[in-house]
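Everything on this sheet refers to the single structure shown next.
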Amino acid sequence: MGSPIKSWEGATAYFTGADSPGMLKAIFVLMLLVAGFVIFNAMRHEKRVTRKLEESGYE
């Protein structure tokens, strides 16, 4: 199982978003929003379950 590439000479790479601070900021903000959403919903779920358990008399 070898690579079909025999030589890396002359190889180039194109990073289309690497020099775009606006895109990096947008991705960072999106990541913060997703993480915040997950944390908020996890906290809400835990509070709801705790309240139900306390109301049912579970110790």
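In order along segment 27-32, the Karplus-derived 3J(HN,Hα) couplings, from 6.51 cos²θ - 1.76 cosθ + 1.60 at θ = phi - 60°, round to 5, 5, 5, 4, 4, 5 Hz, and Gly and Pro are given as x. Within the accessible surface of the chain, defined with a 1.4 Å probe on protein heavy atoms only, the carbon and sulfur portion equals 66 percent.
Could you calculate the contour length gain from Ser3 to Lys47, that is, 0.36 nm times the residue separation minus the distance between their Cα atoms, to one decimal place in nm? Display every interim value, and only then the final one.
Working: separation 44, 0.36 × 44 = 15.84 nm, distance 5.27 nm.
Separation in residues times 0.36 nm, less the Cα-Cα distance, equals 10.6 nm.
Counting every alpha-carbon pair across the chain, the share separated by more than 12 Å comes to 80%. Over the chain, average the accessible area per residue using a 1.4 Å probe and give it in Å², no decimals. The answer is 103 Å² per residue.
A Cβ-based charge dipole, computed about the Cα centre of the chain with Lys and Arg at +1 and Asp and Glu at -1, lands at about 160 debye.
Rounded to the nearest whole Hz, the Karplus-based 3J(HN,Hα) values (6.51 cos²θ - 1.76 cosθ + 1.60, θ = phi - 60°) of segment 2-9 follow the sequence x, 7, x, 7, 9, 8, 9, 5, with x at glycine and proline.
The values are calculated or read from the model by the stated rules, or taken from the named source; none is laboratory data. Since the structure is predicted, the reported quantities are computational estimates derived from the model, not experimental observations. Neighbour counts are summed over all protein chains in view; Cβ atoms, including those assigned to glycine, are modelled from backbone coordinates with ideal geometry. Note: accessible area is taken over every heavy atom of the protein model, side chains too, but ligands, DNA and RNA are not part of it. Shrake-Rupley method; radii C 1.70, N 1.55, O 1.52, S 1.80 Å.
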